[in-house]
Amino acid sequence: MNVSEVRTAMARVRMSDVAAAAGVSTATVSLVLSGAGGERISAQTQAKVREAAEAIGYAPNSVARSLRTQKTRMIGLLSDTIATTPFAGRMLAGANDAAREHGHLMVLVDTDGDLAQERQAIEALTGQRVDAMIYARMWHQVVDAPTGLAEGSVFLDCRPADGGWPAVVPDDRDGGVAATRELVAAGHRRIAYLDAPAGSGVVASELRHQGYLQVLAEAGITPDPALHVRAETDAGGGRAAAGALLDLPAEVRPTALFCFNDRMAMGAYTAAHRRGLRIPQDLSVVGYDDQQLIAAELDPPLTTLALPHYEMGRWAMEVALGKRQADPAEPYRMRCPVIRRDSVGPPPPQRASR
């Protein structure tokens, strides 16, 4: 049967049909299938009713069930552009997997960042009586919590400016620490940070820079402002920023680059290759994001940090479902693991001790 035929067949099967098939009253069927049979109805009769319901394809009315339980078993996920971009789709996969495992349906609405659409979407989800909402953003942001969110809602890859809601974000400061430690551990002292533009409002930019500075201090390395370069966070920006650094005199040129994201790292590869520099023999590079079709495909494959998109999506859904506890006063910061590939090595021998 096609979908229409299945729906038609299911619509014809009533509770009275189950009662007739099991040889019991409709009231008995109602009690058994609602889970209220308890000790009033024998285990044998309850088993007979359930077998009959399964045999004839009875499906309980979800609307009636929601009126009884005050639960629709639906969770609304409201995002800006996650569903229409390739970068963060695993957040949706993580949230959807968790919802399905616990018998819930995830309803996705993508507003493309339009506030008017966002208000309409919240009203629509509220009208559908979703049990909770997940408010998600494409990348780590501090946001003003919209009005009308359902009780028990969760923020995903963003955190409300005034707190008060459970939230999960990547631990970008710790990520900056981990990335810089990879390079220090390899013996590098002249480490540059290719950062996002000033005033861009990118929360991760400052957090990763804080982690970078922390590790330099731990290693006794005096930060050189000339090695903190800001540019657009795409391949062109990375190429320009890395090119300016690699054109410095050899004695002050960085031997390693920590790039804000993998696209900037891709541009840095181009800048290095154009100057006859080999990675990692002459220059080590660490990226961020573990972006599909970039990090593992570069030559050599890029050492980077993975944004835990799937895990954050699962966490948010589990909190929304009440399967996990969260502190609404403090966002949960999820670790970004290092993905080690082939772009990090020791500095060139003549530069190792400088």
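Coordinate-derived values only; no laboratory data. Every value quoted in this text rests on a predicted model; they were computed, and no experiment measured them. Neighbour counts are summed over all protein chains in view; Cβ atoms, including those assigned to glycine, are modelled from backbone coordinates with ideal geometry.
Just a few scattered comments:
- Using a Förster distance of 41 Å, the FRET efficiency for THR147-THR222 (Cβ separation, nearest 0.05): 0.25
- Candidates GLY313, GLY322, GLY237, ranked by Gaussian network fluctuation over the chain, Cα under 10 Å, top entry: GLY322
- Between the stretch 234-265 and the stretch 177-194, the Cα center-to-center distance that results, in Å: 13
- Gain on full stretching of the segment that runs from ALA329 to ALA55 - 0.36 nm per residue minus C-alpha separation: 93.7 nm
- Electrostatic bookkeeping for ASP172 treats Lys and Arg as +1 and Asp and Glu as -1; over the other residues with beta carbon under 13 Å from its beta carbon, the sum is -1.
- Note: relative contact order over the stretch 183-287, using C-alpha pairs below 8 Å and six or more positions apart, is 32 percent.
- Separation in nanometres of the label points that stand 7 Å from Cα toward Cβ, at GLU251 and LEU277: 1.8
- Pairwise label distance in nanometres, LEU105 with ALA244, each label 7 Å out on the Cα-Cβ vector: 5.3
- Formal net charge of residues neighbouring ALA192 (Cβ-Cβ distance under 11 Å; K, R +1; D, E -1): 0
- Semi-axes of the equivalent ellipsoid for the stretch 68-201, computed as √(5λ) from the eigenvalues of its C-alpha gyration tensor and ordered from largest down, come to 34, 17, 13 Å.
- Residues VAL229, VAL18 in ascending order of nearby Cβ atoms (within 10 Å, fewest first): VAL229, VAL18.
- Build a GNM of the chain with springs between Cα atoms under 10 Å apart, and of LEU227, LEU248, LEU194 the one that fluctuates most is LEU248.
- Placing pseudo-labels 7 Å out from each Cα toward the beta carbon at ALA116 and ASP234 gives an inter-label distance of 2.8 nm.
- Burial ordering of SER205, SER153, fewest other beta-carbon atoms within 10 Å first: SER205, SER153
- Using alpha carbons only, the radius of gyration of the chain set against its Kirkwood radius gives Rg/Rh = 1.16.
- About the Cα centre, charge dipole magnitude for the stretch 228-334 (Lys/Arg +1, Asp/Glu -1 at Cβ), debye: 80
- Here the extension length gained between GLN128 and ARG73 equals 18.7 nm, from 0.36 nm per residue of separation less the Cα-Cα distance.
- Size of charge dipole - the chain - debye, nearest 20, with Cβ of Lys, Arg +1 and Asp, Glu -1, no other charges: 660
- Karplus (6.51, -1.76, 1.60) ³J(HN,Hα), θ = phi - 60°, over the stretch 149-164, in Hz, Gly and Pro reported as x: 5, 5, 4, x, 6, 9, 9, 10, 6, 7, 9, x, 4, 9, x, x
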